[in-house]
1. Being under 24 Å from the mean Cα position of the chain (by Cα), buried (at least 17 other Cβ atoms within 10 Å of the Cβ) and of a type in the set (Phe, Trp, Tyr) is true for just one of B:PHE257, B:PHE229. Which residue is that?
2. Can you pull out every residue in region B:48-73 that is small (Gly, Ala, Ser) and part of a helix (DSSP H, G or I)?
3. Name the one entry in B:LEU232, B:LEU228, B:LEU244, B:LEU213 that is in contact with a helix residue (DSSP H, G or I) (Cβ under 6 Å, 6 or more places away or on another chain) and either in contact (Cβ under 8 Å) with a residue 40 or more places away in the chain or of a type in the set (S, T, N, Q) (or both).
4. Can you pull out every residue in region A:59-80 that is at the interface with chain B (Cβ under 7 Å from one of its Cβ atoms) and outside any loop (DSSP other than H, G, I, E, B)?
5. So which residues in region B:136-173 are at the interface with another protein chain (Cβ under 9 Å from one of its Cβ atoms) and either part of a loop (DSSP other than H, G, I, E, B) or in contact with a Phe, Trp or Tyr (Cβ under 8 Å, 6 or more places away or on another chain) (or both), if there are any at all?
6. B:ALA84 is checked against (1) in contact with a strand residue (DSSP E or B) (Cβ under 6 Å, 6 or more places away or on another chain); (2) surrounded by fewer than 19 Cβ atoms within 10 Å (Cβ to Cβ) and fails just one. What number does that condition carry?
7. So for region B:277-292 (the condition being modelled with pLDDT of 95 or more and either within 20 Å of B:ALA326 (Cβ to Cβ) or not assigned by TED's automatic domain parsing to the domain that holds B:ASN225 (or both)), does at least one residue qualify?
8. State all residues of region A:32-51 that are touching a residue at least 24 places away in the same chain (Cβ under 8 Å) and surrounded by 24 or more Cβ atoms within 10 Å (Cβ to Cβ); if no residue qualifies, say none.
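The values are calculated or read from the model by the stated rules, or taken from the named source; none is laboratory data. Values in this document were obtained by computation on a predicted structure and should not be read as measured data. Counting neighbours? That spans all protein chains shown, and the Cβs are built from the backbone with ideal geometry, glycine included.
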Amino acid sequence: MKNMVYLKDVVTLQFNEGQCSGCGMCMVVCPHAVFGMNSGRVQMENKDDCMECGACSMNCPTGAISVQSGVGCAAAVINSALGREGSCCCVIESKNDSSPGKNTTCC
Amino acid sequence: MNQPFVTGFVQTPAGIVPKISSDLHWPDHWGTIKARWGVGRMHYTVDPGLYALGEPNDQSPVLVTANYKMSFDRLREALSNRKAWILVLDTKGINVWCAAGKGTFGTDELVRRVEFSGLDQVVSHRRLILPQLSGPGVAAYKVKKSIGFNVVFGPVQAVDLPVFLDAGLKATPDMRQKTFPMGERLVLIPVELVSALKWYVLILPVFFLLGGLGASSGFWNNALNHGLFAVLNLLAALAAGAVLTPILLPWLPGRAFSQKGVIMGVIMAGVMVVFSTTYLHLNVGLLEILAWFFLTPALSAYLAMNFTGSSTFTSLSGVRKEMRWAVPFEIIGGVAGLILWFGSRFVV
């Protein structure tokens, strides 16, 4: 079966070809084959398959990829909207300010 | 050190390292079952550090994993009859992918754990094999720069490791993709059910007893009619949103999970009407039926929406976009349904 896809035209993934060195790490770490190689150049081929996990931008040594990474989890969005720490592991805040003491209970 | 799966110790230049086997025993399987049902899932951990699988030497590969016991078990059972070093990071008992997203399975923790374990004295090579799904937390080029170890991202699933290792650390395109097949959806259902049932044990008796109040015959007659119908519909909503929508996910129309949940909820509300009147011979009114055609789909949509967190392909931007219409819909549907239901019981 073809992979399931979520909503169209919504992800924040951006790829700047000019900064790409062609190392291909994005193609290795992406779990949804968003990137592909075409005659030696990396291309963003399946943008709507992106789930914004952030693996590509994390592993891009030249900073050619940007994405507002996060976990696509409705319970986490509700918890953060209500200001609760919540019963879910998924935290919406960027991982830079992850407070280690956060009491979380999912995943 | 005092962990039941440790079978002995091996001597290394960096000190004593606990030895483990790739054979799982019934406490390991029982632990998996409990965690899948949400029992003790947040404290199902392994001590972080280096472990020896089989009789590894200084040439053996180093595989890195999280200190969630289920992650650790999936890795070691995939490596039967092999020699390897297993480096367990401290991810606070969270699985690889979620921990990588949070940053606890991250570059800093990996660097710290490699240094702390004295791995550079244990192996003569400089290569770490990481699960691909740790990519959101670990920047391979930063690890290389920091401690000189090359990070190789292995396959998404541990079960593909033998083929990956034998192919000279090469993954096929399929090994690099995270799918969401039926089996994976099924094992995630119990946790959804358990978290919903915590609310249900409160809500079900309330609706059953409220059904007893109001017009027509005596309290228990009413409860066994309208209250029972309410309980059946609430259970139908749970089945629709937390069981049937996850199972039928690829085939239900639409992309938003809430939409799939609404469709399943309407179907189940219809099934409940037929079942309750035909087989249980319940005497329910039109307004009451209408009420549940609001409540059941709204509740089912909410439960289905929450399954986005378990799925492997939803983006945060997408979930936010879905919630902008889905949450108001669920609230309005729920309130309208409640008004209709109370109207059918106490007004008309």
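1. On the way: B:PHE229 fails: under 24 Å from the mean Cα position of the chain (by Cα).
Answer to the check: B:PHE257.
2. B:SER71
3. On the way: B:LEU228 fails: in contact with a helix residue (DSSP H, G or I) (Cβ under 6 Å, 6 or more places away or on another chain); B:LEU244 fails: either in contact (Cβ under 8 Å) with a residue 40 or more places away in the chain or of a type in the set (S, T, N, Q) (or both); B:LEU213 fails: in contact with a helix residue (DSSP H, G or I) (Cβ under 6 Å, 6 or more places away or on another chain).
Going through B:LEU232, B:LEU228, B:LEU244, B:LEU213 in turn, just one is in contact with a helix residue (DSSP H, G or I) (Cβ under 6 Å, 6 or more places away or on another chain) and either in contact (Cβ under 8 Å) with a residue 40 or more places away in the chain or of a type in the set (S, T, N, Q) (or both): B:LEU232.
4. Within region A:59-80, A:ALA74, A:ALA75, A:ALA76, A:VAL77 meet the criteria.
5. Listed by number, the residues that qualify are B:PRO136, B:GLY137, B:VAL138, B:ALA139, B:ALA140, B:VAL156, B:ALA171.
6. (2)
7. Residues of region B:277-292 modelled with pLDDT of 95 or more: B:289-292.
Okay, now just the ones that are also either within 20 Å of B:ALA326 (Cβ to Cβ) or not assigned by TED's automatic domain parsing to the domain that holds B:ASN225 (or both), so B:292.
Scanning region B:277-292 turns up at least one residue that is modelled with pLDDT of 95 or more and either within 20 Å of B:ALA326 (Cβ to Cβ) or not assigned by TED's automatic domain parsing to the domain that holds B:ASN225 (or both).
8. Correct list: A:CYS50, A:MET51.
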